[in-house]
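One structure below.
The values are calculated or read from the model by the stated rules, or taken from the named source; none is laboratory data. Owing to the predicted nature of the structure, the values given are computational and were not obtained by experimental measurement. A quick note on method: Cβ atoms are made from the backbone with ideal geometry, for glycine too, and the neighbour counts reach across all protein chains shown.
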Amino acid sequence: MVEGEKAPEAEAQAPSDERASIAFLAVVTILSAAADLASKGWAKAALTGGEKGKPRHIEVIKDHFDFIYTLNPGGAWSFLRNLPENFRRPFFLFVSAAAIVFIVSVYRRIHKDQWAMRWGLPLALGGAIGNLVDRIRYGSVIDFIDIYIIRGGREMHWPTFNVADIAIVAGVLLMGLDTIVSARRHGGQGQSPVSEGAEPSARPVDGATP
């Protein structure tokens, strides 16, 4: 063997040693999913069973922020909520499962120094799992955070959302930040931030999000 040449075992081992920790992925994912499911459990217990069957609401910030229980059969911003149940539920179950598989596969390829991606992927994964559990149990997602403003005597509401949605949005923003930072760091030359010896495919495609 030529002096200075790496042994095949060392070349194969180095990239995995420099990849992000699977334990970190598991911990952040579990915590974010647990926070989402616990908050939904509270919302269901505290905000249902109002007078004459109407859901209760809790005013947090007057004219701006309430808690109110809703079930969203669609996706974000009620996307495809009017699709027939026989198609809507399998569609969203498939999309959620595919997103989970995608996130895990991307995480296994990132470098441990990619802190934004290392946080972003498990946050998005935890949120996806939280909403997937709802779809399996109820066929819909529990939303309870209602943000709105009043202009000209009219209430203008942002679509009601939940903790899982917050985790997913935060995760996507962190993934976008990683893409920007990586592009600037490598001057658009297409160099990968993973360690020397890693295959080119060890870097997630820029711009890819779950």
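Contact map, the stretch 31-60: first residue surrounded by fewer than 12 Cβ atoms within 10 Å (Cβ to Cβ), second residue β-branched (Val, Ile, Thr) and at pLDDT 85 or above, Cβ cut-off under 9 Å, separation 6 or more or different chains; pairs are Gly41/Ile142.
Being part of a helix (DSSP H, G or I) and either more than 22 Å from Ile61 (Cβ to Cβ) or in contact with a helix residue (DSSP H, G or I) (Cβ under 6 Å, 6 or more places away or on another chain) (or both) is the filter here; which residues of the stretch 157-173 pass it? Working first, answer last.
Here is the first cut: in the stretch 157-173, the residues part of a helix (DSSP H, G or I) are 163-173.
Within the stretch 157-173, Val163, Ala164, Ala167, Ile168, Ala170, Gly171, Val172, Leu173 qualify.
Taking each residue of the stretch 175-197 that is assigned to a loop (DSSP other than H, G, I, E, B) and looking for partners that are at pLDDT 80 or above and not small (Gly, Ala, Ser) with beta-carbon atoms closer than 8 Å, six or more apart or interchain, yields Pro193/His111; Pro193/Asp113; Pro193/Gln114; Val194/Arg109; Val194/Ile110; Val194/His111; Ser195/His111.
Take the conditions (1) touching a Phe, Trp or Tyr at 6+ places or on another chain (Cβ under 7 Å); (2) within 30 Å of Ile180 (Cβ to Cβ); (3) of a type outside the set (A, V, I, L, M, F, W, C); (4) modelled with pLDDT of 90 or more; His64 misses just one of them, which is (2).
Reported count of residues in the stretch 149-168, each being out of contact with any strand residue (DSSP E or B) (no Cβ under 7 Å at 6 or more places or on another chain) and surrounded by fewer than 11 Cβ atoms within 10 Å (Cβ to Cβ), is 4.
Per-residue answers, yes or no, for (1) within 15 Å of Ala164 (Cα to Cα); (2) among the acidic types (Asp, Glu); (3) modelled with pLDDT of 90 or more:
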| position | (1), (2), (3) |
| --- | --- |
| Lys40 | yes, no, yes |
| Glu51 | no, yes, no |
| Pro90 | no, no, no |
| Leu123 | yes, no, yes |
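Just one residue in the set Ser105, Ser96 is in contact with a Lys or Arg (Cβ under 7 Å, 6 or more places away or on another chain), without any contact (Cβ under 8 Å) to a residue 60 or more places away in the chain and farther than 19 Å from Leu177 by Cβ; that residue is Ser96.
Regarding Ala12, is this residue part of a helix (DSSP H, G or I), at pLDDT below 75 and closer than 30 Å to Asp113 by Cβ?
Numbers: part of a helix (DSSP H, G or I): yes; at pLDDT below 75: yes; closer than 30 Å to Asp113 by Cβ: yes.
For Ala12, the condition - part of a helix (DSSP H, G or I), at pLDDT below 75 and closer than 30 Å to Asp113 by Cβ - is met.
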